Each structure stands twice: as C-alpha cells, then as structure tokens.
Amino acid sequence: MARLLEFTLNGRDRADAVADNILLLDYLREKAGLTGTKTGCDGGECGACTVLIDDRPVLSCLTLAATVQGRRIDTIESLGTGGQLSAVQRGFHEKLGSQCGYCTPGFIMASAGLLRKNPNPSEDEIKEALGSNICRCTGYVKIIEAVQYAAALNAQGVAP
Amino acid sequence: MNKPLPARNIGTYVPMIDGPEKVSGRAKYTADIVHPGQLAGRIYRSPYSHGEIVAVDVSEALKLPGVLAIVTGADCDKTFGVLPVARSEHPLARDRVRYRGEPVAAVAAVDDATAREALRRIKLTVRELPAYYTAKSALAPGASAASMV
Ligand code: FES
Ligand code: FES
C-alpha cells in the first residue's frame with residue numbers, strides 16, 4: 001500500500017506518495033535522488049545511512065519512510081550554506097577525518113546531531129555520539145579531532 | 001632522476017583534493033550512479049561456514065520473469081585477488097565455500113525485488129566440512145585447512 005507522506009526534507013516541505021514498505025534510506029537515494037546518504041551494511045551496523053530526524057541522528061536503513069510523517073529530515077545535502085562547508089564538514093575535510101569518504105556523510109550527520117544538542121562535547125561524549133558509525137579507512141583519532149575542530153568553529157559562529 | 005626532496009609534509013595536514021565533494025555528499029560512488037534501464041544485481045552468499053559444493057542449482061531462479069542472467073563459480077575460472085593473501089581467490093566460490101557469506105552466485109534482474117526473489121530460489125547443496133570459530137581451534141592439530149593456497 002502507498003500513502004501520502006508529508007514532511008520537511010532539508011528545509012523544504014515535501015509531499016510524496018510512498019509505499020508502506022520502503023525504507024527511508026531507499027526513499028532518499030532513489031525517490032528523492034539524494035545519494036549523499038550511503039548504504040553501507042543495509043542492516044543497522046555501520047552508520048553510513050545516518051540522517052537527522054528532528055535533529056536526532058537516526059539510521060535511515062532501519063526506518064520506514066512512512067514513519068516520518070510531519071517530521072523534519074536533514075541529510076548531508078542540507079549542510080553548508082552558499083557553497084561554504086559547515087563546521088563539521090570543514091572539520092572532516094581539514095582535519096582529515098575522511099579518506100574514501102563512504103562513511104563520511106553518516107559520521108558528519110551524527111556529529112552535526114551531537115553539536116546541535118551539545119555544542120561543547122567532551123571527547124567521551126564525541127565517542128559515544130559516534131558509537132554507531134564505523135570507518136574502515138581513517139581510524140577514529142582524526143575523526144574525533146575533526147569533531148573537536150568543528151565544535152571550535154561552531155563557537156566562532158559557523159553552523160554545525 | 002631528481003634527487004628526492006626531504007619530506008616536508010610529515011606532521012602537516014594536507015586536505016584531500018576531493019575532500020569537499022566527499023564531505024558534502026556530492027561525490028559519486030558506483031552505487032550512486034543511475035543509468036536509464038539499468039539492472040539490479042544481488043549476490044547469493046553461502047549460509048555455510050565450510051563445505052564442499054555439490055551443486056548450485058539456479059534453474060528455478062532463472063525461470064523467474066525479469067531475471068536476465070545468473071553466474072556462478074562455474075563461470076569464474078580466473079583468480080582475481082590483488083592482495084597477496086587473496087591471490088588464489090575466485091570472485092564466486094568454486095568447489096568449496098570457506099566462510100559464511102562467501103559469494104556463490106550473482107543475479108542480474110530488472111529490479112531489486114526480482115533479484116531478491118531470485119536469490120530465494122537458488123539452491124546450494126554442500127557436503128559440510130569442519131568449521132572453526134576461534135583461532136585456537138583452527139590451529140589445533142588435525143584441523144583441516146580452509147584455504148587452497
Ligand atoms: S546502512 Fe544503515 S547502518 Fe549500515
Ligand atoms: S573514510 Fe573510508 S570508510 Fe571511513
């Protein structure tokens with residue numbers, strides 16, 4: 001069955017007929033054409049598919065699109081303004097928290113969710129917030145550094 | 001030949017040339033590319049940890065409308081590994097499966113749902129071989145080797 005789904009995607013209201021059994025991840029990538037959100041494991045283990053629902057990081061591969069009625073979804077494509085990278089994006093780029101980059105959108109969204117809630121996280125809070133994300137390339141030292149740098153940029157007024 | 005220069009980048013941050021694409025989600029990976037009329041691919045993976053392949057029966061899967069092709073280990077006689085540990089690997093299992101999840105057959109179909117259904121119709125018959133789940137038991141005297149290297 002399909003239903004009419006109304007929600008906010010990256011700041012824009014959207015209405016779409018959506019099948020009951022389609023995953024939010026597949027909806028975003030295939031229906032909305034937003035391929036920045038990645039399919040890593042397809043089963044809740046890697047975090048590559050992380051998006052924000054009402055500012056909270058969620059695994060879109062474990063979320064049915066039909067459940068986001070009336071909610072606000074933010075994907076990696078929503079970050080940054082006027083061609084400028086957001087604080088978290090700059091952190092991952094400038095502090096080398098990204099190599100192949102496949103895990104990066106998920107890490108960035110999980111980090112953005114953290115900084116929206118807690119602009120000045122401790123190292124332990126960063127580790128906990130990124131506990132659902134796996135990176136096979138960088139190791140996690142640079143990623144933690146990237147988030148710390150993003151928090152510092154954020155304090156100077158760059159949006160996370 | 002030029003004399004090698006002393007490394008000046010050690011300890012400095014050299015951001016990647018394609019970093020901005022990667023951190024903004026604009027970078028296109030293979031899975032992000034969509035061509036009109038493109039097919040969906042799915043891989044049938046071994047549910048067994050270790051076994052001798054007796055048969056990979058894809059006949060029922062091939063009958064499914066919308067399935068265009070299925071390849072198995074029988075179609076893959078070349079090894080492809082680049083890493084030294086993987087030089088003897090075939091893209092799809094031949095003769096034996098050596099771990100749970102090893103690719104056994106690959107399906108091309110008109111869409112993902114059809115490809116998934118095709119996987120359900122593939123029948124793998126194996127003669128199970130001993131499997132080990134700890135390094136210790138794999139190294140124990142008398143343990144059989146999983147690799148054919
Ligand atoms: S694709 Fe969602 S957790 Fe891996
Ligand atoms: S940068 Fe490659 S998996 Fe994280």
The answer for B:Leu68, listing residues at least 5 apart or on another chain whose modeled amide H is closer than 5 Å to its amide H, is B:Ala108, B:Ala109, B:Val110
Aspartates and glutamates near A:Lys127 by alpha-carbon distance under 12 Å, same-chain residues fewer than 8 away left out - which ones?
A:Glu145
Inter-chain shielding of A:34-43 (mean C-beta neighbours from other protein chains, 10 Å cut-off):
3
Quick one: if the Förster radius is 41 Å, what FRET efficiency do A:Arg71 and B:Ala69 give, using the C-beta to C-beta distance and rounding to 0.05?
0.50
Report the chymotrypsin sites (Phe, Trp or Tyr not before Pro) located in the range A:58-160 that are in a DSSP loop and have at most 16 other Cβ atoms inside 10 Å of their Cβ, or state none.
A:Tyr140
Taking the Cα-to-Cβ direction at A:Ala19 and at B:Leu83 and moving 7 Å from each Cα, how far apart do the two end points lie in nm?
3.6 nm
How large is ³J(HN,Hα) for each residue in the range B:27-35, as worked out from phi by the Karplus curve 6.51 cos²θ - 1.76 cosθ + 1.60 (θ = phi - 60°), to whole Hz, x for Gly and Pro?
4, 9, 9, 3, 5, 8, 8, 10, 10
How large is the translational diffusion coefficient of the protein assembly as shown in µm² per second when you combine the Kirkwood radius over alpha carbon pairs with Stokes-Einstein at 25 °C and 0.890 mPa s?
110 µm²/s
Calculate how steeply helix A:104-117 sits against the longest principal axis of the alpha-carbon atoms of chain A, using the helix alpha-carbon long axis, and give the answer as 0 to 90 degrees to the nearest 10.
80 degrees
Amide H to amide H, which residues 5 or more places from B:Arg45 or on other chains are under 5 Å from it, using H placed in the peptide plane?
B:Val104
Go through the range B:1-59 and name the trypsin sites (Lys or Arg not before Pro) that are in a DSSP coil and have 16 or fewer other Cβ atoms within 10 Å of their Cβ.
B:Arg8, B:Arg26, B:Lys28
For labels at A:Asp124 and B:Thr125 in the simple 7 Å Cα→Cβ model, what's the distance in nm?
5.9 nm
Within the set B:Tyr99, B:Tyr29, B:Tyr132, GNM on chain B using Cα springs under 10 Å gives the largest fluctuation to B:Tyr29
Bin by bin, in steps of 10 Å, what percent of the Cα pairs in chain A do you find, going until the bin that has the longest distance?
12, 42, 33, 12, 1
Let me test this: with uniform point scatterers at the alpha carbons of the range A:1-60, what is the Debye-based log₁₀ I(q)/I(0) at q = 0.12, 0.17, 0.26 1/Å?
-0.29, -0.58, -1.25
Find out how many positive minus negative residues lie around A:Gly40, taking Lys and Arg as positive, Asp and Glu as negative, among other residues whose Cβ is under 14 Å from that of A:Gly40.
-1
Could you give the nm distance between label points at B:Ala138 and A:Thr81, where each point is 7 Å from its Cα heading toward the beta carbon?
5.3 nm
Would you mind giving the mean number of other chain beta-carbons within 10 Å of the Cβ of each residue in B:11-23, as a whole number?
6
How large is ³J(HN,Hα), in whole Hz, for each residue of the range B:108-117 in order, when computed from phi with the Karplus curve 6.51 cos²θ - 1.76 cosθ + 1.60 and θ = phi - 60°, using x for Gly and Pro?
10, 9, 5, 8, 5, 4, 5, 4, 5, 5
Mean other chain Cβ within 10 Å across B:24-34 is 6
In what sequence do B:Met16, A:Met1 fall when counting other Cβ within 10 Å, fewest first?
A:Met1, B:Met16
Suppose R0 equals 41 Å; then what is the FRET efficiency for A:Ala2 and B:Ile43 from their Cβ-Cβ distance, rounded to the nearest 0.05?
0.90
Could you work out which residue, out of A:Thr67, A:Thr50, A:Thr37, moves most in a Gaussian network model of chain A, that is, has the largest mean-square fluctuation with Cα springs under 10 Å?
A:Thr67
Pick from B:Pro15, B:Pro130, B:Pro47: which residue has the top mean-square fluctuation in a GNM of chain B where Cα pairs under 10 Å get a spring?
B:Pro15
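Values quoted throughout were computed directly from the atomic coordinates according to the rules given, and no laboratory measurement underlies them. Because the structure is a prediction, the values reported are computed rather than measured. All Cβ positions, even for glycine, are placed from backbone atoms using ideal geometry, and neighbour counts span all protein chains on display.
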